[in-house]
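Trainee: Take this structure first; my questions come after.
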Amino acid sequence: MKVLLCFDGSPAAAKAARFGMEITRGSNEPNELISVVEHQRDADQLRASLEALGHEIETIGAQCDIKIRHGHAAEQILDEAAEWHADVIVLGRSGQRGLTRFMMGATAARILQYAACSVLLHKSDRSSLKKILACTAGGEPGLRNVAMAGRVAEHAQADVTVLHVMSQVALSDKAYLPDLAAAADDLIARETREGKHFTEAVAALTDRSVRGIPKVRHGFVVDEVLAELHEGNYDLLVIGAHSAHGLTRWLLDDVTAHLIEEANLPVLVVRGE
């Protein structure tokens, strides 16, 4: 997995880069550490700390190239990710004054909207990666989320809980009534639509030697995901984005946008094909 680590000299960005290395630990593929500056004087100021962080990354056995680009942060990051064929862009919470900043605001929003690859937003002080929560609404998009979680977990030697929230059951449809309070194991045993999806998701994780734990919750999606994050003390949330047409490449639905905003842990937003 090729990971593009974005660094602006701030402690938050350094923490994000270190966490980003957890998702590629043990991989033989190269990683890139990039900074974007508006003026050459900023590049000179930043280079020493950029090289120090790159050396730190290499001490864990990872390949890491260093690059400084000039211009607008979001545009330069997007261009570099496309040219380098990155699998994941890693962004921190905030940046420094005087430099073009990687903020959980306009820059991150633009990268989320237009990146051709997945984006990891590091939003906390977490440094370890042992428990991953992968959310799935079912179908092929949900399996893509699980597949990305599996790739990350394989390198990090983490467990993956596959969560499906049943919130839009048609109460008038008697066929769904037994599912209203069913656990994941029950859905799997009865080979319901959700149960078959869990079976396929766990099998995909097992193929990567990753422990997959199916789980279902019932209620409003955002509320239930946030409750599961709190109760399970996870290190990473994996969710999806929808493809769109025209100038807008990706759309973040209300659920994804709310989780990005409210989840107090790193969030990996997965792209479709």
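The values are calculated or read from the model by the stated rules, or taken from the named source; none is laboratory data. Remember, predicted model here, so these are calculated numbers, not experimental data. Note: ideal-geometry Cβ built from the backbone for every residue, glycine included; neighbour counts use all protein chains shown. Keep in mind that these areas ignore ligands, DNA and RNA; they rest on the heavy atoms of the full protein, side chains included. Shrake-Rupley method; radii C 1.70, N 1.55, O 1.52, S 1.80 Å.
Trainee: Among VAL255, VAL162, what's the order by accessible area (1.4 angstrom probe), most exposed first? Present the calculation step by step, with values, prior to reporting the outcome.
Mentor: Numbers: VAL255 50, VAL162 0 Å².
Highest to lowest solvent-accessible surface, that is VAL255, VAL162.
Trainee: Ratio of alpha-carbon Rg to the 2.2 N^0.38 Å globular estimate for the range 1-84, to two decimals, please. Show your work: numbers first, answer last.
Mentor: Details: Rg = 12.1 Å, N = 84, 2.2 N^0.38 = 11.8 Å.
Ratio of Rg to 2.2 N^0.38 Å for the range 1-84: 1.02.
Trainee: Excluding ligands and nucleic acids, what accessible area in Å² is computed for ASP159 using a 1.4 Å probe, to the nearest 10?
Mentor: The accessible area of ASP159 comes to roughly 60 Å².
Trainee: To the nearest Å, what is the center-to-center distance of the range 106-159 and the range 30-63, using C-alpha atoms only?
Mentor: One Cα centre to the other: 24 Å.
Trainee: A further question follows. Could you list which residues have their amide H under 5 Å from that of ASP253, counting only those 5 or more apart in sequence or on another chain, with H placed in the peptide plane?
Mentor: Excluding prolines and chain starts, which carry no amide H, the hits are HIS242.
Trainee: So what are the ³J(HN,Hα) numbers for the range 106-117, from phi and the Karplus equation (6.51, -1.76, 1.60; θ = phi - 60°), rounded to whole Hz, Gly and Pro as x?
Mentor: In residue order, the calculated couplings are 4, 5, 4, 4, 5, 5, 4, 6, 10, 5, 7, 10 Hz.
Trainee: Using θ = phi - 60° and the Karplus curve 6.51 cos²θ - 1.76 cosθ + 1.60, what whole-Hz ³J(HN,Hα) does each residue of the range 49-58 get, with Gly and Pro shown as x?
Mentor: 6, 5, 5, 5, 5, x, 5, 4, 5, 5
Trainee: Sequence-distant or interchain residues sharing an amide H contact under 5 Å with GLN63, placed H: which?
Mentor: So GLN63 has HN proximity to ASN31.
Trainee: Still on this structure, I have one more. For the pair LYS130 and ALA203, what calculated FRET efficiency results from E = 1/(1 + (r/R0)^6), where r is the Cβ-Cβ distance and R0 = 25 Å, to the nearest 0.05?
Mentor: Working: r = 22 Å, r/R0 = 0.88.
Efficiency computed from Cβ-Cβ geometry: 0.70.
Trainee: Separate question: Please list 3J(HN,Hα) in residue order for the range 253-263, calculated via the Karplus relation 6.51 cos²θ - 1.76 cosθ + 1.60 where θ = phi - 60°; whole Hz, with x for glycine and proline.
Mentor: 6, 4, 5, 4, 4, 5, 5, 4, 6, 9, 6
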